[in-house]
Amino acid sequence: MARFGADWTPTILILDADGQERHRIEGFLPNDDFLAQLHLGLAHAAFTAGKFEQAAERFEKIVRDLPGTDAAPEAQYWAGVAKYKATGNAEALKATADAFKQHYTDSTWAKKASIWS
Amino acid sequence: MTIPWRDDADRALAEAKESRKPLLLDFTAAPM
C-alpha cells in the first residue's frame with residue numbers, strides 16, 4: 001500500500017497502461033457514486049492516452065446515466081475539453097459553458113468553464 | 001462477468017503495459 005501512497009482503505013487507484021495514476025477513490029461511496037468515479041477514472045486514463053473521442057464518450061456517459069453523482073459536474077467539464085481536444089473546435093468549450101448554465105450551476109466545474117462563455 | 005484479479009502488482013502492471021489497458025488497484029481489504 002505504501003508503494004502506491006494508499007494510506008487508508010478503501011482506496012481504489014486507476015492507473016494508465018504505463019502505470020501512472022490517473023484517478024484515486026478514497027473512502028466508501030454509495031453504489032452510483034462509486035460507479036461514476038470508476039467511469040471518471042477510465043475516462044481520465046483515456047484522455048491522457050490521447051483517446052479524446054473515447055474519453056468524451058465516457059465522460060458524457062456519466063452525465064447521462066449518473067447525473068446526480070458528485071462526479072457528474074467534473075464529467076461535464078471534461079467531456080467538453082475532450083471534445084475540443086478531439087476536434088480542435090472551440091465551440092465544444094462554449095457549449096460546455098452553456099450546459100453549466102442549466103446544470104450544476106453552483107459547482108466548481110461551472111466556475112472553471114465560465115471562462116468559455 | 002468475472003474480474004481477472006491479480007495478487008501481484010508488478011505482474012498486473014506488466015500486463016497493463018503489454019495490453020495497453022488501464023489498471024485498477026484495489027486496497028479495499030488491505031491490512032492497515
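The values are calculated or read from the model by the stated rules, or taken from the named source; none is laboratory data. Please read all numbers here as calculations on a predicted model, not as lab measurements. Virtual Cβ from ideal backbone geometry, glycine too; neighbours counted across all protein chains shown.
Some observations on this one:
- When A:L13, A:L40, A:L29 are checked against the criterion of being within 14 Å of another protein chain (Cβ to nearest Cβ), in a loop (DSSP other than H, G, I, E, B) and either modelled with pLDDT under 95 or crowded, with 18+ Cβ neighbours inside 10 Å (or both), a single residue qualifies: A:L29.
- Near pairs, Cβ below 8 angstrom, 6+ apart or cross-chain, from the stretch B:5-18 (basic (K, R)) to any residue that is surrounded by 15 or more Cβ atoms within 10 Å (Cβ to Cβ) and part of a helix (DSSP H, G or I): B:R6/B:A12; B:R6/B:E15
- Some residue of the stretch A:43-55 being over 29 Å from B:A14 (Cα atoms) and of a type in the set (S, T, Y): no
- Long-range neighbours under 7 Å by Cβ, at least six apart or interchain, first residue at negative phi within the stretch A:50-75, second assigned to a loop (DSSP other than H, G, I, E, B): A:A72/A:L66; A:A72/A:Y104; A:P73/A:Y104; A:P73/A:S107
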